[in-house]
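Shown next, in structure tokens, is the structure this report addresses.
Every read-out reported here was derived from the displayed coordinates using simple, explicitly stated rules and does not represent laboratory data. Note that the coordinates shown come from a computational prediction; the quantities given were computed from them, not determined experimentally. Glycine gets a Cβ as well: all are built from the backbone with ideal geometry, and neighbour counts include every protein chain shown.
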Amino acid sequence: MILNKPSSLICLKTIIFILVIDPGWVLPTLGGVALMVLKSVPQTPVVLNTHLEAVCVNVVYRRKEFSICSLYLPPRKVFTVPSLVQLTSRLLPEHILVGDFNAHHTMWGSERVSYRGRKVADFLDTTDLVLLNSGDPTHISDSTGNFSHIDLSLATPQLAAEVTWYTYSDGLGSDHLPIILKLGQVDTAGEAYLPLCKYRVKNVNWAPYTDLATISPDGDNVDVIYRSITGSILSAADQSLPKVSPLRRRVLVPWWTPECREAIRVRNNAYRAFQHSPTDDRFIDYKKARAAARRVIREAKRKSWRDFVSTINRDTPTAEIWNAIKRINGKSCSRPLYLRVGGILIDDPEVIAEELAKYFASVSADTNFPDAFLEGRAEREVDIDFSDGAVHAYNAPFSMSEFLYVLGKVRGSSAGPDGIRYEMVQHLSPAG
């Protein structure tokens, strides 16, 4: 689910390893809750100091600051309305509360009203929280195959008006259907600063590009010459080189195999067949397919890890090892979107760059150094005199041979603001 449906925040229930633990409650042997938040999303863990199994984090998302709280109320867990009210009182004024309440009520689609369901309904009446559930079931019993509505999503009115709630049709092997919450419209912050479309430069036929990239700069104006050269290069690249979208695609992990894909396909087909006609036989078929998919994926992960470890020796670069580990974990880099300065959140990349420049300038300012150091530096540093009339090698104009020598030594790297890579310059025609 995490790899196939990228999300900014994921709430987990019934896990063995807790990722974010609130010290207010005792870690259970099994069960519990967790929150997983993208590193690029500004976040602050919240200590709830509650006996309830709950974790919370304050986030800034879609230019809104609010709390996300994940709660798990086990079937035999005794809770009160005041305890839930106290829990929400520790959250920001705008917040979302999600979790497995193990409570039934017709208000959210159940066929009956349980004692726990009445208490949750009383909790909703006590607060201004809005129930987001659409009435679709959220859980399928592993023992009976019956659907139920025990996972609830609640939000304050302002957030509720912007949230779209629905369940993912594929249970992905779990007895709980993944619940998707979409908040507002697509965030356009920094949209103007997205990277340029990249050109693929590996394993391409450079001959058409070389023929098309004709450079004949005229005039003495440097800016005009620069625009003429870059325009010719980019025009030739647009016509002859394949492009790669700068937008992040789904992260592929090295352990994914055709067998994994087939096992997932069989599991999904069995689940859809059971949804269409919920009979005992089809439920058993689904459980068998789910178990088989888990086994195939587990074996694929184990084999991938063993293959990776077998390639490591004392000469393996550390960077290569860590890159491989990140690929196995399905991690990718994300660009930072926010910077907090003086309690104010900034999301404009240009303003962020200015603030960072100011900070580093202040760190290296003369006021941070003792007088003895400044005096010694002044004695050691001598201004260069360019008026002596002498001809120095470092002032001589660049020659074409020097340029070609350096160009032949450089390695491929990311393109600059103009989108031109070294390889594109290296494959220009010597005749221009």
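As a calculated quantity, the FRET efficiency between THR44 and SER89 at R0 = 22 Å, using C-beta atoms, amounts to about 0.80. Here each label is just a point 7 Å from Cα along the line to Cβ, and for LYS358 and ASP175 those points are 5.6 nm apart.
Amide H to amide H, which residues 5 or more places from GLY32 or on other chains are under 5 Å from it, using H placed in the peptide plane? Result for GLY32 returns THR14, ILE15. Legend: residue pairs LYS39/LYS64; LYS288/LYS326; LYS64/LYS182; LYS119/LYS287, Cα-Cα distance threshold 24 Å; pairs beyond threshold, LYS288/LYS326; LYS119/LYS287. Residues in segment 374-385 carry Karplus couplings, in order, of 5, 5, x, 5, 5, 6, 7, 8, 10, 5, 7, 9 Hz; the curve used is 6.51 cos²θ - 1.76 cosθ + 1.60 with θ = phi - 60°, and Gly or Pro positions show x.
Amide H to amide H distances under 5 Å link HIS149 with THR138, where only residues 5 or more positions off or on other chains count and H is placed in the peptide plane. Here the 3J(HN,Hα) profile of segment 102-119, calculated from phi with Karplus coefficients 6.51, -1.76 and 1.60 at θ = phi - 60°, is 6, 10, 10, 6, 5, 4, 10, x, 6, 7, 9, 10, 9, 4, 5, x, 5, 5 Hz, Gly and Pro shown as x. Centre-to-centre separation between the Cα atoms of segment 47-101 and those of segment 395-415: 59 Å. Scanning residues 5 or more positions from TYR61 or on other chains, those with amide H under 5 Å from its amide H are PHE66, with H placed 1.01 Å from N in the peptide plane. A Förster radius of 41 Å combined with the Cβ-Cβ distance from SER414 to ASN146 puts the calculated FRET efficiency at roughly 0.15.
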